[in-house]
Amino acid sequence: MKDLEIRDIPENHSKIISKSEEIGFTMPSDLYIGSLLKTLICSKPKANILELGTGIGLSLSWMVDGLDQGSTITTIDNNPSLTAIAKGFFGKDSRVKILCADASEWIKSYTGESFDLIFADAWPGKYSEIDEVLELVKVGGFYIIDDMDTQPNWPVGHQDNVNLLVQYLEKREDFNLTKMNWSTGLIIAVKTK
């Protein structure tokens, strides 16, 4: 098996990569994470998906590719320039809701349905508002975080945040989790009760 050969890359992925390069966006999502997200989302028909940290929409391209016609995804970022670009790529898809908002405030005020999968790729939902976000995962639903292995762009002291988060998640009795030293470092947690 060769995991270097990634198939079924979303149609608009290369256009989003080009746009990233054009604007100097330096936090692109990893192809492996995208492929995994697409696969997991395919396992959840008629799903309600949440992404925290839209960025320019690279991970979103994979997740949208995994959605069936009865599924929806809400994605949130606080950068109006980036959300405008993402809306340019995905704004016509009725299954996709792109919000430019403070995710911390959004999480605290959200009162809708629970989610089948939450991909937390931003500070809120990963290092803050963690309890609130984990409450939003349905039983049997996924909570996924990446960038858990040391990254070259981390500020001094960020490893402590990662260590504390991992320790906290390991103590949760309502989630089963797998830590993967793969791609950028990944935790996949499934809510059990």
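The values are calculated or read from the model by the stated rules, or taken from the named source; none is laboratory data. Just so you know, these numbers come straight off a predicted model, no measurement behind them. As a convention, Cβ positions derive from the backbone with ideal geometry for all residues, glycine included, and neighbour counts pool all protein chains shown.
Can we say W123 is surrounded by 15 or more Cβ atoms within 10 Å (Cβ to Cβ), modelled with pLDDT under 95 and over 23 Å from G66 (Cα atoms)?
Criteria met by W123.
Within the stretch 18-43, how many residues turn out to be modelled with pLDDT of 80 or more and either surrounded by 15 or more Cβ atoms within 10 Å (Cβ to Cβ) or of a type outside the set (G, A, S) (or both)?
Initially, the stretch 18-43 is screened for residues modelled with pLDDT of 80 or more, giving 18-19, 22, 32-43.
Then keep just the ones that are either surrounded by 15 or more Cβ atoms within 10 Å (Cβ to Cβ) or of a type outside the set (G, A, S) (or both); that gives 19, 22, 32-42.
Within the stretch 18-43, residues that are modelled with pLDDT of 80 or more and either surrounded by 15 or more Cβ atoms within 10 Å (Cβ to Cβ) or of a type outside the set (G, A, S) (or both) number 13.
So that you can scan it fast, the table gives a plain yes or no per residue for (1) part of a strand (DSSP E or B); (2) more than 23 Å from T74 (Cβ to Cβ); (3) of a type in the set (D, E); (4) at pLDDT 95 or above:
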position	(1), (2), (3), (4)
I118	yes, no, no, yes
D147	no, no, yes, no
N153	no, yes, no, no
Q159	no, yes, no, no
V162	no, yes, no, no
E170	no, yes, yes, yes
T178	yes, yes, no, yes
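In the stretch 60-118, which residue that is closer than 19 Å to K19 by Cβ and among the basic types (K, R) is surrounded by the fewest Cβ atoms within 10 Å (Cβ to Cβ)?
Ranking the candidates gives K92 first.
So, in the stretch 52-73, of the ones that are assigned to a loop (DSSP other than H, G, I, E, B) and out of contact with any Lys or Arg (no Cβ under 9 Å at 6 or more places or on another chain), which residue ends up nearest to D116 (Cα to Cα)? Full working, then the answer.
In the first step, residues of the stretch 52-73 are kept if they are assigned to a loop (DSSP other than H, G, I, E, B); the result is 53-57, 67-71.
Adding the requirement that they be out of contact with any Lys or Arg (no Cβ under 9 Å at 6 or more places or on another chain) leaves 54-55.
Numbers: T54: 18, G55: 21 Å.
The qualifying residue nearest to D116 (Cα to Cα) is T54.
So which residues in the stretch 19-51 are in a strand (DSSP E or B) and over 27 Å from E129 (Cα atoms)?
Listed by number, the list is empty, since nothing qualifies.
Residues that are crowded, with 19+ Cβ neighbours inside 10 Å and part of a helix (DSSP H, G or I): does the stretch 131-138 have at least one?
Yes: the stretch 131-138 contains one or more residues that are crowded, with 19+ Cβ neighbours inside 10 Å and part of a helix (DSSP H, G or I).
Given (1) in a strand (DSSP E or B); (2) at pLDDT below 95; (3) aromatic (F, W, Y), where does F142 come up short, assuming only one miss?
(2)
I'd like to verify a number: residues in the stretch 142-180 that are free of Cβ contacts under 8 Å to residues at least 60 places away in the same chain, of a type outside the set (S, T, Y) and closer than 19 Å to S59 by Cα, how many?
Count: 6.
Please go through the stretch 1-17 and pick out each residue that is within 19 Å of the chain's Cα centre (by Cα), outside any loop (DSSP other than H, G, I, E, B) and modelled with pLDDT of 85 or more.
Scanning the stretch 1-17 gives a single hit, I16.
Could you pull out the residue among W106, W182 that is of a type in the set (A, V, I, L, M, F, W, C) and in a loop (DSSP other than H, G, I, E, B)?
Matching residue, one of W106, W182: W182.
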